[in-house]
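> Okay, handing you the structure first.
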Amino acid sequence: MRVSTIALAAALAVAPFAAFAQTTLTLYTSQPPEIAQQTVDAFQAEHPEIEIDWIRNGTSALMNVLRAEIEAGELKPDVLLVADVINLGQLKAEGHLMAYPEAPVEPYDPATYDKDMTFFGTKAITTGIAYNTENAEPVETWADLLVEENRGQIAVPSPLYSGAALNHLHALINEEDIGWSFYEGLEQLDIVPEGGNGPALKAVASGMAKYGIIVDANVLTAKAQGSPIDYIVPADGVSFITEPVAIMANTDQPEAAKLFVDFLLSKEGQELVAEQNYLPIHPDVAPPEGFPAISGMKLLGYDADAAVKDNEEVRARFADIFGG
């Protein structure tokens with residue numbers, strides 16, 4: 001009887017701690033640091049029982065880390081929230097993503113999520129032309145940038161670093177009237193693509209560059225904060241990404257990971273997207289003030305499956321053009 005009493009006392013002593021046990025998810029994301037923190041904070045406000053450890057970098061840099069982890073057999077993230085579908089499509093093809101057939105996608109356009117339910121768009125991010133309103137004039141098309149007056153004056157993120165820039169590259173080369181000749185024209189003007197959208201934004205806002213190829217939210221947020229910068233939707237189209245979220249197949253916390261996906265796809269999660277000055281893709285959530293309507297844009301898409309197959313060749317050609 002004494003043994004049973006001791007065992008009961010031990011169980012009661014442990015129980016309070018078990019009730020407050022935390023589940024920890026590891027998130028790899030390409031969101032800007034302040035946006036990533038807001039996203040994590042909002043999720044944890046609804047799910048205080050789940051802690052998120054997050055690591056932030058450009059999508060291509062994160063993929064390099066993942067490749068090293070895959071080779072070592074030590075994949076660390078439970079969830080990915082990155083810029084483009086190309087890298088996620090590759091991970092899916094290799095069996096590294098978990099399908100989530102029950103994800104709450106009912107309100108969404110099927111074009112915003114994977115048909116096999118392994119990744120899901122969370123917002124709409126277009127890439128167009130930014131310009132400094134104090135030293136440059138608005139242009140109408142991508143080709144309008146390729147003039148001698150803009151030599152060395154166009155800030156371009158590198159698709160070897162930025163997922164949004166990689167998506168943009170695939171979209172533009174898929175357009176017969178734009179194609180590789182646009183990037184060859186940039187190189188002839190001594191343009192050196194590098195880094196991500198943040199440095200490109202700073203270059204244009206500071207006047208160090210007249211123009212930039214930058215995602216809409218970065219530009220329009222800076223404009224709203226008083227920077228001398230504005231956003232152009234070229235008549236010949238903009239690329240767009242949906243910043244998809246995906247669950248890694250090897251996660252040991254699948255239910256917590258599903259809750260993170262559910263939050264991002266919920267109306268509350270989409271309202272957070274709008275508050276963060278991005279275009280929500282939930283049809284019942286209004287876009288941020290000052291954003292151009294998606295309905296008025298020519299959206300440049302491409303075959304994602306073909307892009308996955310051709311990606312290494314495309315990246316190699318880009319690097320060859322710019323001497324990378």
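> Name, by its number, the condition in (1) closer than 25 Å to Gly301 by Cα; (2) in contact with a His (Cβ under 8 Å, 6 or more places away or on another chain); (3) not aromatic (Phe, Trp, Tyr) that does not hold for Leu259.
(1)
> Moving to a separate point now. Going by the conditions given, is Leu220 outside the structural domain of Gln153 (by TED's automatic domain parsing) and assigned to a helix (DSSP H, G or I)? Can you show your working first?
Values: outside the structural domain of Gln153 (by TED's automatic domain parsing): no; assigned to a helix (DSSP H, G or I): yes.
Answer is no for this residue.
> In addition: Looking only at the stretch 153-165, filter to residues that are aliphatic (A, V, I, L, M) and under 21 Å from Leu189 (Cβ atoms); which one of those is farthest from the chain's Cα centre (by Cα)?
In this case the residue turns out to be Ile154.
> Take the conditions in contact (Cβ under 8 Å) with a residue 24 or more places away in the chain and farther than 21 Å from Met63 by Cβ and apply them to Ile232. Does it pass?
Spelling it out, Ile232 is indeed in contact (Cβ under 8 Å) with a residue 24 or more places away in the chain and farther than 21 Å from Met63 by Cβ.
> While we're here: Read through the list (1) outside any loop (DSSP other than H, G, I, E, B); (2) assigned by TED's automatic domain parsing to the domain that holds Pro32; (3) more than 16 Å from the chain's Cα centre (by Cα); (4) buried (at least 17 other Cβ atoms within 10 Å of the Cβ), then give the number of the only condition that Ala307 fails.
(2)
> Pro280 is checked against (1) assigned by TED's automatic domain parsing to the domain that holds Glu74; (2) in contact with a Gly (Cβ under 8 Å, 6 or more places away or on another chain); (3) of a type outside the set (Ser, Thr, Tyr); (4) more than 28 Å from Thr23 (Cα to Cα) and fails just one. What number does that condition carry?
(2)
> Restricting to the stretch 71-81, and then to whatever is more than 13 Å from Thr118 (Cβ to Cβ) and among the hydrophobic types (A, V, I, L, M, F, W, C), can you tell me which residue is surrounded by the fewest Cβ atoms within 10 Å (Cβ to Cβ)? Reasoning before the result, please.
Let us first name the residues in the stretch 71-81 that are more than 13 Å from Thr118 (Cβ to Cβ), namely 71-78, 81.
Filter once more, so that each one left must be among the hydrophobic types (A, V, I, L, M, F, W, C): 72, 75, 81.
On the way: Ala72: 8, Leu75: 15, Leu81: 25.
This residue is Ala72.
> Give just the number: which of (1) among the charged types (D, E, K, R); (2) assigned by TED's automatic domain parsing to the domain that holds Glu69; (3) assigned to a loop (DSSP other than H, G, I, E, B) does Glu268 not satisfy?
(3)
> Working carefully through the options Ile321, Ile247, Ile281, find the one that is β-branched (Val, Ile, Thr), in contact (Cβ under 8 Å) with a residue 24 or more places away in the chain and surrounded by fewer than 17 Cβ atoms within 10 Å (Cβ to Cβ).
After ruling out the rest, the residue left standing is Ile321.
> Filter the stretch 299-324 for residues that are under 16 Å from Leu88 (Cβ atoms) and aromatic (Phe, Trp, Tyr) and give the result.
Hit for the stretch 299-324 is Tyr302, nothing else.
> Out of all the residues in the stretch 61-70, is one or more in a loop (DSSP other than H, G, I, E, B) and surrounded by 13 or more Cβ atoms within 10 Å (Cβ to Cβ)? It would help to see each step written out before you state the result.
First, the residues of the stretch 61-70 that are in a loop (DSSP other than H, G, I, E, B): none.
No, the stretch 61-70 contains no residue that is in a loop (DSSP other than H, G, I, E, B) and surrounded by 13 or more Cβ atoms within 10 Å (Cβ to Cβ).
> Now a separate question. Could you look through the stretch 137-157, keep only residues that are in contact (Cβ under 8 Å) with a residue 60 or more places away in the chain and not in a helix (DSSP H, G or I), and pick out the one that is nearest to Glu312 (Cα to Cα)?
Applying the filter and picking the extreme gives Trp142.
The values are calculated or read from the model by the stated rules, or taken from the named source; none is laboratory data. Please read these numbers as outputs of a predicted model, since none were measured by experiment. Virtual Cβ from ideal backbone geometry, glycine too; neighbours counted across all protein chains shown.
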